[in-house]
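In what follows, a single structure is set out as structure tokens and then discussed.
The values are calculated or read from the model by the stated rules, or taken from the named source; none is laboratory data. Quick caveat, the model's predicted, so the values are computed rather than measured. FYI the Cβ positions are ideal-geometry reconstructions off the backbone, even for glycines, and counts take in every protein chain you see. Please note that ligands, DNA and RNA were not included when accessible areas were found on the heavy atoms of the full protein model with its side chains. Shrake-Rupley method; radii C 1.70, N 1.55, O 1.52, S 1.80 Å.
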Amino acid sequence: TPAIYPLDLKGATVDDYKQLAKTISDNFGRLDALVHCAATLGQLAPVINQDAKTWAETLHINLTAAYLLTQACLPLLKQQNSQLIFTTDIHKHTAYWGAYGISKAAIEAFAAQLQDELEAEGKVSVSTIDPGEVRTSLFARAYPARNPEGLKSPDDIVGLYLSKLMTKAEQAG
């Protein structure tokens, strides 16, 4: 059964993430997958011109929130064969991408670390997906002069995530 649990990634506390995990456990008894796909662009500028507050907020939303949510949900994910998917953007680790690029590089490192830690248990499969350029508000902010007409829509890329989830389910069952 689908459910909605509003959570402000910018302002949520550790306790908010723990409460989310408890709510999932209390209402559903399990968590089969966690897909991280929330992100904010922050500021595209040279490092010297980065606004410190925007930098910190971008890293918090794109990296720290994913860490806190993952940490809170890992006990649930470890109860059965489950999937942990991180959305990344491997081409943005270059000049002017600021905290967004750094956060995406860090997400890849975080996913690799988790994969190494969880591999021996064999319960939680960890992977990353780079969906490429997608027609979103984040893309429009990053490329305001580009015509998004030929880009994939979010509906077009959901299959990337579903295929990862289905592959894991087929292996488990």
Q.
Pull out all pairs, ordered by first then second residue, where Cβ-Cβ is under 8 Å, the residues are six or more apart or on different chains, the first lies in segment 20-37 and is touching a residue at least 12 places away in the same chain (Cβ under 8 Å), and the second is of a type in the set (Ser, Thr, Tyr) and in a helix (DSSP H, G or I).
A. 31/25; 34/70; 35/161; 36/70; 37/161
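More than 20 Å from residue 165 (Cβ to Cβ) and touching a His at 6+ places or on another chain (Cβ under 7 Å): does that describe residue 105? Give the derivation first.
Values: more than 20 Å from residue 165 (Cβ to Cβ): yes; touching a His at 6+ places or on another chain (Cβ under 7 Å): yes.
Criteria met by residue 105.
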(Q) Suppose we filter segment 1-42 for residues that are assigned to a helix (DSSP H, G or I) and either open to solvent by 40 Å² or more (accessible area, probe 1.4 Å) or touching a Ser or Thr at 6+ places or on another chain (Cβ under 6 Å) (or both); how many remain? (A) 10
